[in-house]
Amino acid sequence: MRSLFTAILALALAAPLAAADRAVVLVVNADGPVYHLDPIEIRKAFLGLPVHRGERTLRPIRNSSDQQLVQIFLQDIVALSQSAYDRRILALVLQQGRPRPLELKSRAQVLAALAGDRYAVSFMWMSEAMRTPSVRIIRVLWRD
């Protein structure tokens, strides 16, 4: 009887943890040629440095549709504070003429940009990506 109670209690406590488990994933156009990016390539792309697949340069898209995504981007993807990231991007723009990574403020804009460019790469919540057939998940970037 005691072991049954322990098992039920363990299941009850585990259920909220499973529901709270959230993840941010790296996504690309489902029909595109990008299947893998390592962490260094991801960081380089979002810092405005060129990352190539074949003859084409990947186009990073910052997903700023959610404040928590912005914080995860800064802490876990580029590992910089907002001000340090802004300075780094501005330096590349001014010194090397590199374009800033595109920053979009809505999920719909991010999905439209991914659908329109086979070399675009972005990030979003895993739950959103799994409901969107036009994107392919290529890596988990962060898990709660």
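The values are calculated or read from the model by the stated rules, or taken from the named source; none is laboratory data. Quick caveat: nothing in here was measured; it's all calculated off a predicted structure. So basically every Cβ, Gly included, is an ideal-geometry build from the backbone, and we count neighbours across all protein chains shown. These accessible areas exclude ligands, DNA and RNA; they are computed on the full protein's heavy atoms, side chains included. Shrake-Rupley method; radii C 1.70, N 1.55, O 1.52, S 1.80 Å.
Any idea which of 67, 54, 81 is furthest toward the positive side of the dipole for the chain, if Lys and Arg beta-carbons carry +1 and Asp and Glu beta-carbons -1? Of the options given, the answer is 54. Going by accessible surface with a 1.4 Å probe and the largest first, 22, 118 read 118, 22. Given that just one value was derived from the coordinates, which of [x] 132; [y] 109; [z] 86 is volume of the Cα convex hull per residue in Å³? Entry [x]. Here's how it looks for residue 23: its modeled amide H is under 5 Å from those of 126, 127, 144, which are all 5 or more places away or on a different chain. Full extension of the segment from residue 75 to residue 31, taken as 0.36 nm per residue of separation minus the current Cα-Cα distance, would add 12.9 nm. In this simple spin-label approximation, residue 103 and residue 84 carry label points 7 Å from Cα along the Cα→Cβ vector, and these lie 1.7 nm apart.
Placing +1 on the Cβ of every Lys and Arg and -1 on the Cβ of every Asp and Glu, with nothing else charged, gives segment 54-119 a dipole about its Cα centre of roughly 160 debye. The 3J(HN,Hα) values that the Karplus relation (6.51, -1.76, 1.60; θ = phi - 60°) gives for segment 102-115 are, in residue order, 5, 10, 10, 9, 9, 4, 4, 5, 4, 5, 5, 5, 5, 5 Hz. Gly and Pro appear as x. Each label point was placed 7 Å from the Cα along the Cα-to-Cβ direction; for residue 49 and residue 118 their separation is 2.7 nm. In a reduced charge model with +1 at each Lys and Arg Cβ and -1 at each Asp and Glu Cβ, the chain shows a dipole moment near 180 debye about its Cα centre.
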